[in-house]
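Notes follow once the structure below has been shown.
The values are calculated or read from the model by the stated rules, or taken from the named source; none is laboratory data. What you see is a predicted model, and the numbers here were worked out from it, not measured in a lab. Heads up, the Cβs are rebuilt from the backbone with ideal geometry, glycines too, and the neighbour counts pull from every protein chain shown. Remember, those area values only see protein heavy atoms, side chains included, never the ligands or the DNA or RNA. Shrake-Rupley method; radii C 1.70, N 1.55, O 1.52, S 1.80 Å.
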Amino acid sequence: PDHGDRIAIVGNTFAERMGQFGHFETLLQDAHPEHELIVRNLGWSGDTPSLQPRPLDFGTMEEYLVQEQADIIIACFGMNESFAGETGRADFEESLREFIASMRDLKPGGALPEILLVSPIAHESLGGNFPDGADHNVDLAAYTESMRMVAQEQGVRFVDLHEPSSALWNIPIGPPCFTINGIHLNEQGN
């Protein structure tokens with residue numbers, strides 16, 4: 001980041017819940033105190049690259065990105081879309097391309113924004129009445145690879161959270177304790 005960069009976090013419930021804990025922003029500010037970064041979390045549960053439903057007269061994600069003059073856009077997608085399975089991957093990839101193009105056309109900070117695509121986390125198998133994450137993780141891994149491919153193709157940065165979270169879930173440290181329901185991080189997970 002550069003001095004005074006304005007960073008906007010967009011995306012699904014993963015992005016929205018980051019605002020409940022503040023760990024990411026704290027670590028970012030601690031790593032770059034000289035940059036005086038401004039971070040705004042615009043995450044909204046259920047958002048996808050192509051669909052961001054909002055209440056009447058609330059304003060669109062694009063309007064808020066322009067209002068916040070975002071120089072850097074951290075886009076967290078893939079969890080919601082992964083439930084469509086293999087048949088939904090091509091549409092997801094195209095929606096990412098369209099999202100990237102629309103953010104570049106928008107230029108919310110006045111110039112081309114830097115865009116980072118962030119993959120979904122792995123599905124943690126909690127047991128009990130919660131669904132087992134094994135089958136869902138196959139789809140999540142595939143959607144993560146789609147995101148990696150589109151990011152490389154479009155020249156944007158990519159952060160893979162699926163692989164490291166999957167490895168973390170498999171460390172035998174006792175009862176699972178990183179998510180509230182298998183797919184949404186709790187404070188320890190964040």
Is there a residue in segment 52-70 that is on the phi > 0 side of the Ramachandran plot and either of a type in the set (Asp, Glu) or surrounded by 22 or more Cβ atoms within 10 Å (Cβ to Cβ) (or both)? yes
Which members of segment 96-114 meet the condition of being free of Cβ contacts under 8 Å to residues at least 40 places away in the same chain and open to solvent by 60 Å² or more (accessible area, probe 1.4 Å)? 104, 105, 107, 112
Please go through segment 29-63 and pick out each residue that is assigned to a helix (DSSP H, G or I) and without any contact (Cβ under 8 Å) to a residue 24 or more places away in the chain. 29, 30, 31, 33, 63
Taking the conditions exactly as written (open to solvent by less than 70 Å² (accessible area, probe 1.4 Å), acidic (Asp, Glu) and touching a Ser or Thr at 6+ places or on another chain (Cβ under 6 Å)), does residue 93 satisfy them or not? yes
Of the conditions (1) crowded, with 17+ Cβ neighbours inside 10 Å; (2) assigned to a loop (DSSP other than H, G, I, E, B), residue 117 clears all except one; give me its number. (2)
Within segment 71-88, restricting attention to residues that are of a type in the set (A, V, I, L, M, F, W, C) and assigned to a loop (DSSP other than H, G, I, E, B), which residue is surrounded by the most Cβ atoms within 10 Å (Cβ to Cβ)? 77
Residue count, segment 120-155 (criterion: in a loop (DSSP other than H, G, I, E, B) and among the β-branched types (Val, Ile, Thr)): 1
